[in-house]
Amino acid sequence: MTRLATPRHHGGLLVVQPVRRDKRCAACRRGPLSLLVLEDGAPRCLECADLAHLVFLPRGDTALTRRSREESALSAVVVRFNRRKARYERQGVLVEEAALARAEVRCLADAEARRRRRARDAKRRAAADVRFTEAFAAEILRLFPGCPAERARAIAAHASVRGSGRVGRTAAGRALTEGAVISAVVAGVRHVDTPYDQLLMSGVPRYEARRRIAGTVEAVLREWEAGAAVRLTG
C-alpha cells in the first residue's frame, strides 16, 4: 500500500479530506473514503479511528465552530490538500453532535444555525429511521438484557443516523447482525463509560487508549449480559 504524507498540524486530532476519492481503509478495507485519518502513513476510516460518532461542521461560521469545539470533549480539524497552493487547507471540524446542538443554542440569533438544527430534526423524525432505531434498540436489549433501556435507545439512535456512515448504516447494521449490534454497544460503552475520549485528546495513541480502558468496557458488557439473571436471582 502506498504510504501517504501526513500534513503538519500543531496539536489536536487531524482528519484528511482526500483529493482523490479512491482511498480505502487499511484496517477494514472500507471505501472509497470521503474522510480519513492517517496512522503511520496508512489511511483509516473514521469508524476504525473511533471518530465516526462525530459530525462534520464546515468552515465559515467562526462563532459556531469555536463554541462547538468548546462544548465537545472530542474534536478534530478537517483539512484538504490544495494542489495549486501546494498546502493543506482547513475545511472544517468534526465535533460531537450534542456539542454542536449546544453551540447552536448559544447562537440562536444566527439564521443559518437555526436552518441546520431544523434540517437535522427533520431527518430524526423520518418514520423509517424511527422504526429502524426501535428495532436496533430491541436487538441490543435481547443481547444485553441488563442494559438500561434508555442507554439501548441512545446507542441505537446514535448508530443508525442516516448518512452518518456509522455501523448501524452498514449492510450488516441494517440487517441487525449480532456483530454489528455488539460493535455499536462496545463503541457506546467506550465513549460514555470510560475516559477514552479524554485519553485521545491528551495525546495517548488510539491503541494504547483502547488497552487502558479495555477492562472497564469488558466489565460493563459482562454486567449487561448478566442483567436478566441478576434480576431473577437477586
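The values are calculated or read from the model by the stated rules, or taken from the named source; none is laboratory data. Computed from a predicted structure; not experimentally measured. All Cβ positions, even for glycine, are placed from backbone atoms using ideal geometry, and neighbour counts span all protein chains on display.
What the table shows:
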read-out	value
Residues (among the charged types (D, E, K, R) and either touching a strand residue (DSSP E or B) at 6+ places or on another chain (Cβ under 8 Å) or surrounded by 17 or more Cβ atoms within 10 Å (Cβ to Cβ) (or both)) located in the range 189-225	R190, D197, R206, R210
Sole residue being surrounded by 16 or more Cβ atoms within 10 Å (Cβ to Cβ) and modelled with pLDDT under 95, chosen from V167, V230	V167
Considering residues of the range 37-63 that are without any contact (Cβ under 8 Å) to a residue 60 or more places away in the chain, of a type in the set (D, E, K, R) and at negative phi only, the residue surrounded by the most Cβ atoms within 10 Å (Cβ to Cβ)	R44
